[in-house]
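Below is one structure, written out as structure tokens; comments come after it.
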Amino acid sequence: MLTYLVKRLLEMIPTLFGITLLSFVIIHLAPGKPTDIFTELNPKITPEARERLEKLYNLDKPIIVQYGLWLGKIVKLDFGESFSSDRRPVMQRIWDPKKPLLERRLFVTFMINLISMVIIFLIAIPVGISSATRRNTLYDKITTTTVFIGFAIPHFWLALLLMLLFGVTLHWLPISGLTSMNYASLPFWGKIWDLAKHLVLPIFVSAFGGLAADSRYMRSSMLEVIRQDYVTVARAKGLPEREVIYRHAFRNALLPMITLVGLSVPGLIGGSVIFENIFGIPGMGQLFFQSVMTRDYPMVMGVLTIGAILTLLGNLLADIGYMLADPRIRAR
Amino acid sequence: MLSHFSKRLLIAFLLIISITVVMGCKGKPAATVRTVSEVNGDEPAYGDALVTGTIGEPSILIPMLAGDSASHDVSGLIFNGLVKYDTDLSVIGDLAESWDISSDGLVITFYLRKGIKWADGVEFTADDVMFGYRTIIDEKTPTAYSEDFRQVKKAEVPDRYTFRVTYEKPFAPALTSWGNLVVLPKHLLEGKDITKGDFGRNPVGLGPYKLNKWTTGQEVMLDSYKDYFEGRPYIDRYIYKIIPDSATMFLVLQTGEIDMMGLTPVQYAKQTNTEFFKKHFQKFRYPAFTYTYMAFNLKHPFFKDKRVRQAIAYGIDKDEIVDVVLFGLGSPATGPYVPNTWPYNPAVKKYEYNPEKAKQLLKEAGWKDTDGDGILDKDEHPFKFTILTNMANNPRKNTAAIIQWRLAKIGIKVEIRELEWSTFINQFIDKRSFQAAILGWSIGLDADQYDIWHSSKTKEKEFNFVSYNNPEVDELLEKGRRTYDIEKRKKAYFRLQEILADELPYIFLYVPDATPIVHARFKGIKASPIGISYNLPKWYVPKRLQRHTLEP
């Protein structure tokens with residue numbers, strides 16, 4: 001087990017190297033430069049001024065040298081400084097330890113995604129099971145249609161409709177941002193309540209859209225399991241259907257969900273820019289989008305590298321989870 | 001808006017949409033306002049907070065390092081300059097009480113106001129100006145605005161309250177370059193690298209407001225600076241709330257969480273005429289300092305002939321574009337200046353929609369439909385061209401579609417291609433590989449347009465990207481920037497506009513209106529040609545209408 005882990009971790013190093021090299025080259029291939037925000041169609045910029053700016057950011061060097069410089073820092077776990085005009089370190093823009101949690105983009109995105117992921121699993125698993133056991137009934141059809149509506153409906157549109165209803169017409173919920181103006185002066189539970197009110201709509205919209213995939217996985221996985229011989233045996237023994245499903249079939253049907261959880265790990269730090277913009281949530285999606293649009297290379301590379309590491313770790317976790325859950329795999 | 005000298009000339013209409021508000025229709029005489037207020041008991045009072053919605057978040061609050069309009073808007077409230085524009089676009093003193101320009105136009109001497117204090121209590125002196133000047137011309141400062149200051153041959157501080165600069169040549173935009181870009185607190189920054197450290201996110205200024213708290217991605221909170229040299233601002237707190245989506249922002253406005261935003265044309269024209277909006281809000285409307293145009297690549301064989309460009313101008317109905325694209329909230333453009341500003345020449349050649357005349361001109365230029373397919377041709381080349389514009393800019397896209405439709409009627413086939421901004425500029429505009437493009441310029445408050453039209457500015461990355469070349473225009477541009485005499489400048493720029501209107505290197509399409517909306521409880525707002533927020537420190541909310549009470 002330990003050798004296996006070490007081997008897997010070592011294998012990650014060349015993979016990660018390859019990912020960063022590819023990302024670096026691709027983002028530099030995109031037309032434009034980080035200095036464009038100053039120089040583009042700005043008549044006040046002379047060629048000398050542009051060269052000065054490019055030199056400041058090392059953009060005059062060949063791309064492979066730039067990659068070398070970046071790599072030299074990254075092995076020391078230094079993500080460098082953002083090219084945006086405040087030139088803050090990349091990590092500080094993602095996770096500033098001096099700021100409260102709600103002002104750290106990574107935390108905000110992680111919190112919202114985690115809550116919505118938990119809600120999705122809490123709903124999708126029972127829905128998947130029940131529609132598998134009631135296959136082709138009216139209930140199955142209604143749930144299937146509902147989750148697919150959630151999947152197909154444009155998020156921004158649903159979000160705007162809900163904001164109009166709950167924010168403007170009913171005045172029940174705030175519609176933008178994470179906290180109210182008087183947040184700082186609220187007592188602890190007041191803060192939680194304020195935050196919760198701000199999060200209801202974003203989490204509802206993101207969870208509603210995510211239900212389809214997970215409930216469908218759960219349904220098909222359950223369907224496969226209840227066709228197995230041991231389930232027939234359990235039924236033949238005369239066990240009540242409840243017990244057959246929830247004690248015997250359920251555990252085995254959950255196995256593919258482990259993979260699903262593993263695959264969701266990198267998604268936890270990735271935010272959707274449309275979603276974050278609509279709700280005014282200062283998360284990773286906005287940051288990444290802005291960084292790409294302004295060709296802020298260190299920032300883009302920082303987010304991509306963290307994403308890559310999490311993806312690889314997520315895969316590893318899924319494999320370990322599988323080993324723990326399924327003796328057949330452990331044996332090999 | 002608050003001294004955007006940095007953008008004096010013209011800066012690209014960037015993707016970032018600033019909701020800041022520029023200027024307006026004639027304000028009521030102050031006396032009238034006062035009478036009305038006294039009757040209502042609505043005299044100016046301190047207190048309350050103004051919450052503004054903004055699409056973009058500032059990136060840094062040091063004006064000379066900022067590239068985006070959100071940063072300039074906020075830092076403009078924190079820093080002042082030596083001079084600023086008055087509401088009629090004349091230059092008036094700000095931190096400088098007065099100034100002298102030597103008769104040859106080479107030396108400017110600024111006499112600074114005495115007793116102005118930085119927000120930390122230290123006195124502002126000429127050394128701070130000198131320090132800012134040295135910083136902006138420093139090779140290591142990543143600023144886009146150093147060029148005006150590199151024209152300075154010599155800068156001196158004869159005494160504590162005097163600052164003197166000497167130029168090589170007279171340079172009209174020089175005076176206004178001494179706006180808020182170059183004043184920095186020497187006592188806090190000397191010997192430090194301003195790009196490092198947290199001054200950019202936690203600045204100390206001397207403007208009407210000072211930073212209280214900046215919550216990343218959510219809001220920037222400013223508090224009034226009680227010792228502001230022009231008097232304590234009435235509104236105690238100014239909050240810049242970041243709402244990246246304009247549809248959301250409009251909903252938030254209706255919930256009362258924000259007090260002010262820039263409306264889109266459809267919001268202004270169609271969605272804010274209800275009783276609710278009439279009761280709770282005041283809307284403003286005035287030409288924005290920007291115009292949209294269609295540029296021709298003058299090197300392209302189709303567009304070398306002036307008659308062809310004029311024909312296209314006759315084939316386009318600008319009023320129709322304003323009505324459809326902007327819901328009437330704008331005016332047709334006739335040249336590169338905003339109507340009702342001093343350099344604007346109202347008497348240039350205008351091209352009323354006239355398809356017959358367009359066809360006539362095209363015929364004279366040799367374009368005929370010889371094969372009967374409905375598209376004109378000449379030497380077996382059909383008249384087909386592509387209009388490029390940037391992605392996700394609906395007004396420009398719609399404008400292109402209307403032009404496409406109109407030109408089809410005079411036998412010209414137009415294709416439209418939308419491109420991502422960087423690709424558009426780097427691969428097409430900079431490399432001159434375009435036929436026609438729809439773009440916009442922000443118009444600086446100074447009239448100098450040397451970089452756009454002068455024939456020496458046609459190299460890659462320079463801004464005469466249409467390759468316009470006219471010796472008389474070159475001469476006029478040179479004349480206009482080498483004198484401080486406004487009458488002489490006016491003469492040069494009036495003639496410039498006549499030539500541009502005749503030769504049409506661009507088709508000037510429209511000047512959109514800025515359409516801000518502000519909550520009705522704010523009084524003292526006086527629209528002017530430079531916007532509404534120039535006198536923000538004088539806005540107030542009468543005591544009985546105040547909504548927010550502030551804990552310190």
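Here, each number is a calculation from the coordinates, and none is a lab measurement. Treat the numbers as computed from the prediction; the structure is a model and nothing was measured. Reconstructed Cβ throughout: ideal geometry from the backbone, glycine too, with neighbour counts over all protein chains shown.
Enter the per residue convex hull volume of the stretch B:270-399, computed from alpha-carbon coordinates, in Å³ rounded to the nearest integer.
164 Å³
Would you work out the charge dipole size for the stretch B:438-480 about its Cα centre, treating the Cβ of every Lys and Arg as +1 and the Cβ of every Asp and Glu as -1, and quote it to the nearest 20 debye?
That gives the stretch B:438-480 a dipole magnitude of about 180 debye.
Check which residues have an amide H placed less than 5 Å from B:D259's amide H, if you skip close sequence neighbours.
So B:D259 has HN proximity to B:V51, B:T52, B:G53.
Kirkwood Rh over Cα pairs of the protein assembly as shown into Stokes-Einstein at 20 °C, 1.002 mPa s: D in µm²/s?
70 µm²/s
State the answer as a single residue: which of A:Y297, A:V65, A:P174 lies farthest towards the positive end of the charge dipole of the protein assembly as shown, with beta carbon charges of +1 for Lys and Arg and -1 for Asp and Glu, about the Cα centre.
Selected residue: A:P174.
Picking from A:S272, A:G209, A:P256, whose Cα lies most toward the positive end of the charge dipole for the stretch A:200-332 (charges on Cβ: Lys, Arg +1; Asp, Glu -1)?
A:P256
State the percent of C-alpha pairs, over all pairs in the stretch B:68-163, separated by a distance greater than 16 angstrom.
65 percent
For helix B:306-315, what angle does its Cα long axis make with the longest principal axis of chain B, in degrees from 0 to 90 and rounded to 10?
80 degrees
Quick check: Cα centre of the stretch A:158-218 to Cα centre of the stretch B:205-242, how many Å?
The distance from the Cα centre of the stretch A:158-218 to that of the stretch B:205-242 comes to 29 Å.
Once you compute Rg and the Kirkwood Rh from C-alpha atoms, what is the Rg to Rh ratio for the stretch B:146-214?
1.02
Which whole-number percentage describes the relative contact order of chain B, with Cα contacts under 8 Å and a sequence gap of 6 or more?
24 percent
In debye to the nearest 20, how big a dipole does the stretch A:200-332 give about its Cα centre with +1 on each Lys and Arg Cβ and -1 on each Asp and Glu Cβ?
520 debye
For B:F281, list long-range residues whose amide hydrogen, built 1.01 Å from N in the peptide plane, is under 5 Å from its own amide hydrogen.
Sorted by chain and number, the residues that satisfy this are B:A520.
I need the P(r) histogram for the stretch A:1-120: all alpha carbon pairs, bin width 10 Å from 0 out to the longest distance, whole percents.
Once binned at 10 Å, the Cα pair distances of the stretch A:1-120 give 10, 27, 30, 24, 7, 2, 0.
Does the stretch B:438-552 come out rounded, prolate or oblate, given a ≥ b ≥ c as the square roots of the eigenvalues of its C-alpha gyration tensor, rounded meaning a/c under 1.5 and, failing that, prolate meaning a/b above b/c?
Verdict is prolate for the stretch B:438-552.
I'd like the Karplus ³J(HN,Hα) series for the stretch A:119-124: coefficients 6.51, -1.76, 1.60, θ = phi - 60°, whole numbers in Hz, and an x wherever there's a Gly or Pro.
Whole-Hz 3J(HN,Hα) from phi for the stretch A:119-124: 4, 4, 5, 4, 8, 5.
What is the log10 of I(q)/I(0) for the stretch A:227-332, computed with the Debye formula using one identical point scatterer on each Cα and no solvent, at q = 0.15 Å⁻¹?
-0.77
Once phi is turned into ³J(HN,Hα) by the Karplus curve 6.51 cos²θ - 1.76 cosθ + 1.60 with θ = phi - 60°, what whole-Hz value does each residue of the stretch A:227-243 show in order, with x for glycine and proline?
8, 5, 4, 5, 6, 4, 4, 4, 5, 4, 4, x, 5, x, 3, 3, 5
Calculate the all-directions average of the projected area of the stretch A:128-186's alpha-carbon convex hull, and give it in nm².
So the mean shadow area of the Cα hull is 6.5 nm².
What Kirkwood radius, in Å to one decimal, follows from the Cα pairs of the stretch B:46-121?
It is 15.2 Å.
Give me the angle, in degrees from 0 to 90, between the Cα long axis of helix A:188-226 and the longest principal axis of the Cα atoms of chain A, rounded to the nearest 10.
Roughly 50 degrees between the two axes.
Which value, in nm² and rounded to one decimal, describes the direction-averaged projected area of the C-alpha convex hull of chain B?
26.4 nm²
Can you give the angle from 0 to 90° between the axis of helix B:394-408 and the longest principal axis of chain B, with both taken from C-alpha atoms, to the nearest 10?
20 degrees
Which whole-number value in Å³ per residue fits the convex hull of the alpha carbons of the stretch B:491-552?
In the stretch B:491-552, the Cα convex hull volume per residue is 158 Å³.
Give me the dipole magnitude in Debye, nearest 20, for the protein assembly as shown about the Cα centre, with unit charges on the beta carbon: positive for Lys and Arg, negative for Asp and Glu.
Here the size comes out at about 1720 debye.
On each of the three principal axes of the Cα atoms of the stretch A:93-242, give max minus min coordinate, whole Å, ordered largest first.
In descending order, the Cα extents are 64, 36, 28 Å.
Find the centroid of the Cα atoms in the stretch B:99-172 and in the stretch A:254-323, then give the distance between the two in whole Å.
49 Å
So how far, in whole Å, is the C-alpha centre of the stretch B:497-552 from the one of the stretch B:431-476?
29 Å
Which one, A:Y183, B:Y291, A:I115, projects farthest toward the positive side of the charge dipole computed for the protein assembly as shown from Cβ point charges (K/R +1, D/E -1)?
Positive-end residue among those listed: A:I115.
Order these by the 10 Å Cβ neighbour count, fewest first: B:W453, B:W367, B:W342.
Least to most surrounded, the residues fall as B:W342, B:W453, B:W367.
Taking R0 as 56 Å, what FRET efficiency do you get between B:I416 and A:L69 from their Cβ-Cβ distance, rounded to the nearest 0.05?
After rounding, the FRET efficiency stands at 0.85.
Against the empirical 2.2 N^0.38 Å scaling, what ratio does the C-alpha Rg of the stretch B:117-166 come to?
Cα Rg divided by the expected 2.2 N^0.38 Å: 1.25.
If you take the square roots of the eigenvalues of the alpha-carbon gyration tensor of the stretch B:205-286 and sort them as a ≥ b ≥ c, do you get rounded (a/c under 1.5), prolate (a/b over b/c) or oblate?
Prolate is the answer for the stretch B:205-286, as a/c is 1.5 or above and a/b outweighs b/c.
Dimensions of the stretch B:368-448 along principal axes (Cα, Å, largest first)?
Projected onto the principal axes, the Cα atoms of the stretch B:368-448 cover 48, 29, 24 Å.
Using each residue's phi in the stretch B:445-458, evaluate 6.51 cos²θ - 1.76 cosθ + 1.60 at θ = phi - 60° and report the 3J(HN,Hα) Karplus result to the nearest Hz, with x for Gly and Pro.
The phi angles translate into 6, 8, 8, 4, 10, 3, 6, 8, 10, 6, 5, 7, 9, 9 Hz.
Determine the percent antiparallel among the DSSP beta bridges restricted to the protein assembly as shown, to the nearest 5.
Among the beta bridges of the protein assembly as shown, antiparallel pairing accounts for roughly 80 percent.
From the C-alpha gyration tensor of the stretch B:240-286, pull out the three semi-axes of the equivalent ellipsoid (sqrt of 5λ each), sorted largest to smallest, in whole Å.
Working from the Cα gyration tensor, I get semi-axes of 17, 12, 10 Å.
Once you have a ≥ b ≥ c as the square roots of the Cα gyration tensor eigenvalues for the stretch B:190-331, tell me rounded if a/c is under 1.5, and otherwise prolate or oblate according to whether a/b is larger than b/c.
Oblate is the answer for the stretch B:190-331, as a/c is 1.5 or above yet b/c matches or exceeds a/b.
Calculated from DSSP H runs of 4 or more alone, at -39500 (n - 2.57) each and per residue, what is the 222 nm mean residue ellipticity of chain A, nearest 500?
-22500 deg cm²/dmol
At q = 0.22 Å⁻¹, what base-10 log of I(q)/I(0) does the Debye formula yield for the stretch B:294-348 when every alpha carbon is treated as an equal point scatterer in vacuo?
The Cα Debye sum returns log10 ratios of -0.99.
Given the rule -39500 (n - 2.57) for each run of at least 4 DSSP H residues, summed and divided by the residues of chain B, what is its mean residue ellipticity at 222 nm, to the nearest 500 deg cm²/dmol?
-7000 deg cm²/dmol
Calculate I(q)/I(0) for the stretch A:58-179 by the Debye formula, one identical point scatterer on each C-alpha and no solvent, and give its log10 at q = 0.10, 0.18, 0.21 Å⁻¹ to two decimals.
The Debye formula, applied to the Cα set alone, gives -0.64, -1.08, -1.22.
Over the residues of the stretch B:105-239, compute the C-alpha Rg and express it relative to 2.2 N^0.38 Å.
1.13
Take the Cα radius of gyration of the stretch A:70-131 and divide it by 2.2 N^0.38 Å, with N its residue count; two decimals is plenty.
1.72
Once all Cα-Cα distances of chain A are split into 20 Å bins that start at 0, what whole-number percent is in each one?
Each 20 Å bin holds this share of Cα pairs: 24, 48, 25, 3, 0.
Which value does Rg/Rh take for the stretch A:154-280 over its C-alpha atoms, Rh per Kirkwood?
So for the stretch A:154-280, dividing Rg by the Kirkwood Rh gives 1.17.
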